Amino acid sequence: MSNGSDILDTFDGQSGESKFDPKLEARQLWGKVFAAFCIFATSLGLIVLAFLIFEVVKDGSSRLNWDLFQLYPSRRPLESGYRAAVLGSVAMLSYVLLLVIPLGVCSAIYLEEYAKKNWLSELIELNIYNLAGIPSIIYGLLGLGLFVRGMYSGRAVLVTGILTITLLILPPVIVISREAIRAVPQSVRQASYGVGATKWQTIRHHVLPAALPGILTAVIISTSRGIGETAPIVVLGAGTVLFDPKFSPINFGALFSGNIGNVFADTLWSNDNFFSVLPYQIYEWVGDPKPEFQVLASAGIVVLLLLVLGMNLIAIFLRSRAK
Amino acid sequence: MSSSVNNPQPDSLDLYQRADRNIRESAIGYALLFCAFISVLTTIAIVYVLASETVSFFGKASIGEFLFGKTLENGTYSCSWTPQFADKSFCVWPTVNGTLMVAAIAMVVATPLGLATAVYLSEYASPKAGKILRPVIELLAGVPTVVYGYFALSSITPILSKLIPGLQGFNALSAGLIMGVMIIPTIASISTDAMRAVPISLREAAYGLGSTKKEVATSVVLPAALSGICAAIILGISRAVGETMIVAIAAGQRPVLTLDPRQTVGTMTAYIAQVAKGDSRVGSVEYEALFAVGMTLFLITLLLNIISKQISKRFQETYE
């Protein structure tokens, strides 16, 4: 505080003028430069994104027609399309949602509502945080070692892809769902307990409905990331596929004709249900030297961006509605 | 439940229901615990898969060569990574070098831009504008990385090659620049939270002394939020190190020891993607090398995440 006297020394009490120079003009100028830089930085990413979208639409527009969804991959670029890949992505999206919603929400409920403060819940919590930071390609190696080599003796089938992507997006789903559950006011729970509801009744009828928009946002954003993932699928060993993936978990034809032995033949689980997904097929064609394949890749990117950014926009809309 | 019909006293009815409810309640508790435990099993599985293959890899290649390179018969020192060639060498540093160079370029882009974005969102933007802008900026992290890779290769590299002589078709520079754009939301988002957690009284004190908005932001808010910002930057580095598709597509697949960003490099992740795509035989040394590189990558990102978590823990304690 002794420094304060320095400023007083510069003050000439006789003339009423201060020798202290606030350098206001220069500081205001720097302020404006800094503000301009911040605005520039905020918009730069969006400019890059806009440029990216412009470029891929420009490059891929000649192939953006219905044929793109009708044709299988081929060596001739003009006869190639994304049919198998799009169907593979749709199948993966549905089954991943089916797995990740119950698993993610249940884990989040356990950690927020049930877990006591002990070593076990701390271990799980720390573990989920670390899992969320592991690169996706490591999950690919996990899937390769555990599911492809372990369960299907080296065959990269749809099930292995679904399980790998589910494990990959589970940690972020849990982390964001927990935030949504935590945001439900304590008074809601107390009111429910006050009228005699059990813990599960409270969660089921009051906490979950209140947290639903937040949980849905978590699920949609994370799943959109999972659908756009290429690296783990590459590591699993997916390849170019010339047929539709099998969706059905049970062979209904066999079930209804009483042929119980073949109930799982030709289904999701069969070991010849090889698959491809949209981002993987794009990666294959990006690497092809023929320029027509680059056009095809651009068209595929437009479709992928529509899917992924569309899901993100839905999530943003849900989140803004919730507040 | 049928006995409650025979004995319609309200007390016993309540008792039966409560017993029934208690069993169901604890069953639900255990079911939920099981779900949460899946994540622990995932970690165990990851460590097991990586470790078992890595151990058999080091049965065939020496750990000394992996970490320090080897001296050839003619006395020259060599450090190269070529498990898939006939003349195999197993020195991991060329791939680490590629990873670190691309990550460094990405962080040079993402750190100032991400921080400036965070300053704008927390200090300048109106709450309404911030509410709209933040999710829009987070879209940048939602774009699939294969798209960024294609964009870096087909749009950024041609533009850069007009400006920079000697730029190769696959290069670390354009991959790093685009990766930087991808990481902006990671840094911006966490830093915004850290800056918003700085008490408003600190800002008011600075304004009271006659500071401009810029001075408040750079001399008061940024230093006060420093630990959160450091955590964000370290998490950004971890993202950059683990990113696969951008580097596999745009930076090339040739691990070399170089510091020239115009050159083709090969990162750890690109190596894994390249070899896994090539269908290597199980039990072969190139298949096991895949997991050894994966283990290295796993340990590096785990370390970065733990450091980031420790720093942000300290930051939470300061203001709560």
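Readers should treat all values here as calculations from the given coordinates under stated rules, not as data from a laboratory. Model, not experiment: these values are computed from the prediction. Ideal geometry is used to build each Cβ from the backbone, glycine not excepted, and the neighbour counts take in all protein chains shown.
A few comments on the model shown:
- In Hz, Karplus ³J(HN,Hα) per residue of the stretch A:298-314 (6.51, -1.76, 1.60; θ = phi - 60°; x = Gly, Pro): 4, 4, x, 5, 4, 4, 4, 5, 4, 4, 6, 5, x, 4, 5, 5, 4
- With the simple spin-label model, which puts each label point 7 Å out from Cα in the Cβ direction, the A:Asp67 to B:Tyr207 separation comes to 6.2 nm.
- In the stretch A:185-283, taking the dipole from charged Cβ atoms about the Cα centre, the farthest positive-side position among A:Ser192, A:Val234, A:Phe275 is held by A:Ser192.
- Which listed pairs, of A:Lys117/A:Lys199; A:Lys58/B:Lys131; B:Lys162/B:Lys277; B:Lys214/B:Lys313; B:Lys213/B:Lys313; A:Lys23/B:Lys214, have C-alpha distances above 24 Å, in listed order: A:Lys58/B:Lys131; B:Lys162/B:Lys277; B:Lys214/B:Lys313; B:Lys213/B:Lys313
- Highest-MSF residue in chain A out of A:Thr164, A:Thr223, A:Thr198 [GNM, Cα springs under 10 Å]: A:Thr198
- log₁₀ of I(q)/I(0) at q = 0.09, 0.13, 0.15 Å⁻¹ - chain A, Debye sum with one point per alpha carbon: -0.66, -1.07, -1.26
- Where only DSSP H runs of four or more residues are counted, chain A gives -21000 deg cm²/dmol as its mean residue ellipticity at 222 nm, each run worth -39500 (n - 2.57).
- Comparing B:Cys91, B:Phe66, B:Ala103 along the charge dipole axis of the protein assembly as shown, the residue lying farthest to the positive side is B:Ala103, per the Cβ-charge model.
- C-alpha center-to-center spacing [the stretch B:52-88, the stretch A:143-178] in angstrom: 31
- With both labels modelled 7 Å from their Cα along Cα-to-Cβ, the A:Leu97 to B:Ala104 distance reads 4.5 nm.
- Cβ-Cβ distance of B:Phe68 and B:Val282, R₀ of 35 Å, FRET efficiency by 1/(1 + (r/R0)^6): the value works out to about 0.75.
- Annotation: extensible slack from A:Asn271 through A:Ser187 equals 25.1 nm (criterion: 0.36 nm per residue apart, minus Cα-Cα distance).
- Our coupling estimate for the stretch A:233-247, obtained by passing each phi through the Karplus curve with A = 6.51, B = -1.76, C = 1.60 and θ = phi - 60°, is 5, 4, 5, 4, x, 4, x, 5, 10, 10, 9, 6, x, 8, 7 Hz, Gly and Pro reported as x.
- In terms of its C-alpha gyration tensor, the stretch A:211-306 has an oblate overall shape, because the principal axis ratio a/c (a ≥ b ≥ c, square roots of the eigenvalues) is not below 1.5 and a/b does not outweigh b/c.
- Euclidean distance of C-alpha centroids, the stretch A:18-60 and the stretch A:224-241, integer Å: 37
- Note on B:Thr82 and A:Phe252: the model spin-label points, each 7 Å out from Cα along the C-beta direction, lie 5.8 nm apart.
- Under a model in which nothing but the beta-carbon of Lys, Arg (+1) and Asp, Glu (-1) is charged, the stretch A:97-255 shows a dipole of about 220 debye around its Cα centre.
- Charge tally for B:Ser62 (other residues, Cβ to Cβ under 13 Å; Lys, Arg +1; Asp, Glu -1): +2.
- Only the Cβ atoms of Lys and Arg (+1) and of Asp and Glu (-1) were treated as charged; on that basis the dipole of chain B about its Cα centre amounts to roughly 640 debye.
- Of all lysines in the structure, those lying under 19 Å Cα to Cα from B:Lys70, and not within fewer than 8 positions of it along the same chain, are B:Lys60, B:Lys88.
- Dipole of the protein assembly as shown computed with +1 at Lys/Arg Cβ and -1 at Asp/Glu Cβ about the Cα centre; of B:Phe34, A:Met151, A:Ala35, farthest Cα towards the positive end is B:Phe34.
- Charges were assigned to the Cβ only: +1 to each Lys and Arg, -1 to each Asp and Glu. The resulting dipole of chain A about its Cα centre is roughly 860 debye.
- Part-to-part distance (alpha-carbon centres) for the stretch A:272-323 and the stretch A:77-123, which is given in Å: 18
- Cα coordinate range in the stretch B:55-150, projected on the principal axes (Å, largest first): 68, 27, 23
- Modelled label reach - B:Val40, point 7 Å along Cα→Cβ, the stretch A:152-189 residues with backbone N closer than 15 Å: none
- Taken over the protein assembly as shown, the convex hull of the Cα atoms encloses 241 Å³ per residue.
- Expected 222 nm ellipticity per residue - DSSP helices of 4 or more, -39500 (n - 2.57), all of chain B, to 500: -23000 deg cm²/dmol
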